[in-house]
Amino acid sequence: MWVPQPRLLWWVGLAACPALALAPTNDATATLALAVVGVTALVAAWDALRVWQRFSRFSISLPPVVRLAKGHAGTLPLRLDPGGPEGLRLRIAPALAPHLETPDPERTVVLPGATPSLLDWPILGPTRGRFVVASCHAETLSPLGLWARRRVLPVRCEIRVQPDLVGPMRRNAAFLVRGGAGARSQRQVGRGREFEKLREYVAGDGFDEIHWRATAKRGHPVTKVFQVERTQEVYVVVDASRLSGRILERNDDEAPVADGRTAEPLLEQFIQSALLLGAVAERQGDRFGLVTFADQPDGFVRASSGRSHFSACRERLVELRCRTVSPDFEELATFLRLRLRRRALLLFLTSLDDPVAAEGFLRGIEILRHQHLCAIVQPRPRDVAPLFSDDRVASLDDAYVALAGHLRWQELRGLQAVLQRRGVTLVPAPVEGLAAALITRYLDVKRRQIL
């Protein structure tokens with residue numbers, strides 16, 4: 001696209017227009033006018049040709065994938081190649097998605113000739129997801145400043161805004177401490193329940209530790225040696241249904257909103273808690289898996305370990321969104337029963353405030369509870385608490401709110417009792433303490449070796 005500049009308009013207005021106005025007076029004036037107009041047109045055409053030649057060789061390239069942490073500033077590297085020995089002065093603006101923010105909508109840069117230059121463009125991703133940069137807009141002036149040529153250069157770059165783990169890891173740093181060689185950060189209860197090897201009998205060994213078949217075969221007592229449970233499979237099941245789209249008030253002093261952005265739904269806390277548990281499980285030597293569901297299971301990452309596996313789980317959660325559907329726990333239980341053959345720890349991040357959802361969960365858990373160890377970590381609203389548990393009641397309306405919270409707390413306790421009789425633990429936790437409650441439940445299972 002060609003854009004005439006004010007210099008060209010002034011030149012035409014001060015030179016060509018007066019010459020054309022005086023052309024009809026006599027032949028000499030007409031010849032001079034034609035000469036002025038011709039020179040003006042030739043200079044403008046030469047200037048346009050020069051900028052076309054120089055700018056046609058210019059190119060922009062971006063990396064195929066750029067990863068950002070949600071809410072943290074990052075950079076988009078642009079590789080600018082002038083394509084020739086001559087330098088260029090450019091105005092550049094990448095076509096960013098509406099969900100990406102940048103302090104500089106456009107920039108003016110000067111490129112030296114012959115060698116490509118690298119430009120780091122500051123961007124911020126306030127929302128999780130995958131966003132594509134499909135084009136960059138560039139503009140440069142002609143050598144005489146008469147024309148500006150604009151181009152839309154096609155590029156292909158995917159910006160992945162991943163869940164933010166910096167703040168949650170800082171708040172839960174105690175769970176992420178790795179001890180020295182041979183040290184365990186969690187105390188184990190008991191001798192261990194996983195068979196390791198056989199050894200010769202030593203005075204003091206109990207009769208329950210003797211391997212009778214090996215004793216009969218060898219002709220002398222042989223004792224079994226057990227080790228602490230390790231390399232167990234842990235799955236976090238994340239609910240992305242309508243109940244996870246709610247925004248609950250936090251109990252801590254940390255503001256839930258920042259920089260004018262809206263408060264985050266429960267699903268964001270679920271995602272952060274799941275990834276933090278994956279990091280803790282990696283340090284404990286266990287294998288971590290991930291399941292996401294709404295009205296049906298829509299994501300499954302089989303339990304494994306390693307940095308690449310953690311990255312795969314994080315990538316899987318990049319585009320997870322709340323859906324306005326009710327959770328189907330029976331479909332989820334059938335899905336897990338068919339795919340998980342080995343006994344595993346299943347940690348559900350969901351909300352059972354809705355009686356219909358709680359009833360569906362009770363039906364679905366019957367399929368899983370006999371083979372797997374199940375636990376639920378549920379966000380507890382701020383006002384759900386026993387009556388007279390705080391002194392914030394200052395008016396009659398506050399008293400009614402506290403009474404309603406007490407009734408909901410009673411219903412939650414009743415659901416806890418029903419699940420406990422089925423061997424399932426329900427852990428209600430405040431919104432800001434979901435990750436800590438989830439990790440604490442996992443470490444308690446490890447410590448007691450009940451998996």
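The values are calculated or read from the model by the stated rules, or taken from the named source; none is laboratory data. Bear in mind that the values here come from a model prediction, so they are computed numbers and not experimental data. Heads up, the Cβs are rebuilt from the backbone with ideal geometry, glycines too, and the neighbour counts pull from every protein chain shown.
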- Item | Given (1) more than 24 Å from the chain's Cα centre (by Cα); (2) in contact (Cβ under 8 Å) with a residue 40 or more places away in the chain, index of the condition Pro112 fails | (2)
- Message: What are the pairs with Cβ atoms under 7 angstrom where one residue, in the stretch 59-72, is over 12 Å from Leu124 (Cβ atoms) and the other, located anywhere, is part of a loop (DSSP other than H, G, I, E, B)? Sequence gap at least six, or different chains.
- Response: Ser59/Gly83
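Looking only at the stretch 340-375, which residues are in a helix (DSSP H, G or I), under 28 Å from the mean Cα position of the chain (by Cα) and of a type in the set (A, V, I, L, M)? Even if it seems obvious, please write down each step before you answer.
Initial filter on the stretch 340-375 (in a helix (DSSP H, G or I)): 355-368.
Next, from what is left, pick out any that are under 28 Å from the mean Cα position of the chain (by Cα): 357, 361.
Within the stretch 340-375, Ala357 is the sole residue that qualifies.
With Leu42, Leu88, Leu96, Leu49 as the choices, which residue is modelled with pLDDT of 85 or more and either farther than 30 Å from Asp164 by Cα or in the same structural domain as Trp147 (by TED's automatic domain parsing) (or both)?
Working: Leu42 fails: modelled with pLDDT of 85 or more; Leu88 fails: modelled with pLDDT of 85 or more; Leu49 fails: modelled with pLDDT of 85 or more.
Step by step, each of Leu42, Leu88, Leu96, Leu49 is checked, and only Leu96 is modelled with pLDDT of 85 or more and either farther than 30 Å from Asp164 by Cα or in the same structural domain as Trp147 (by TED's automatic domain parsing) (or both).
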- Task: Those residues that are farther than 16 Å from Val109 by Cα and either free of Cβ contacts under 8 Å to residues at least 40 places away in the same chain or part of a strand (DSSP E or B) (or both), I need them from the stretch 136-161; list them, please.
- Result: Trp147, Val152, Leu153, Pro154, Val155, Arg156, Cys157, Glu158, Ile159, Arg160, Val161
- Message: Just the residues that are free of Cβ contacts under 8 Å to residues at least 40 places away in the same chain and not charged (D, E, K, R), please, taken from the stretch 46-58.
- Response: Trp46, Leu49, Gln53, Ser56
- Task: Would you mind telling me which numbered condition in (1) over 16 Å from Gly433 (Cα atoms); (2) at pLDDT 90 or above Gly285 fails?
- Result: (2)
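Out of curiosity, is Gln378 at pLDDT 90 or above, assigned to a loop (DSSP other than H, G, I, E, B), in contact with a helix residue (DSSP H, G or I) (Cβ under 9 Å, 6 or more places away or on another chain) and not aliphatic (A, V, I, L, M)?
On the way: at pLDDT 90 or above: yes; assigned to a loop (DSSP other than H, G, I, E, B): no; in contact with a helix residue (DSSP H, G or I) (Cβ under 9 Å, 6 or more places away or on another chain): yes; not aliphatic (A, V, I, L, M): yes.
No; evaluated as a whole, the condition is false for this residue.
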- Considering only the stretch 122-143, state which residues are over 21 Å from the mean Cα position of the chain (by Cα) and closer than 30 Å to Pro163 by Cα. Ala134, Ser135, Cys136, His137
- Answer yes if at least one residue in the stretch 295-309 is in a helix (DSSP H, G or I), small (Gly, Ala, Ser) and either at pLDDT 90 or above or in the same structural domain as Arg67 (by TED's automatic domain parsing) (or both), and no otherwise. yes
- Pull up the stretch 69-88, narrow it to residues that are among the hydrophobic types (A, V, I, L, M, F, W, C) and touching a helix residue (DSSP H, G or I) at 6+ places or on another chain (Cβ under 8 Å), then point me to the one that is surrounded by the fewest Cβ atoms within 10 Å (Cβ to Cβ). Ala69
- From the list Leu419, Leu426, Leu451, which one is of a type outside the set (Lys, Arg), crowded, with 17+ Cβ neighbours inside 10 Å, at pLDDT below 90 and closer than 21 Å to Leu332 by Cβ? Leu451
- Item | Qualifying residue in the stretch 225-235 (condition: modelled with pLDDT of 65 or more, more than 22 Å from Ala333 (Cβ to Cβ), assigned to a loop (DSSP other than H, G, I, E, B) and aromatic (Phe, Trp, Tyr)) | no
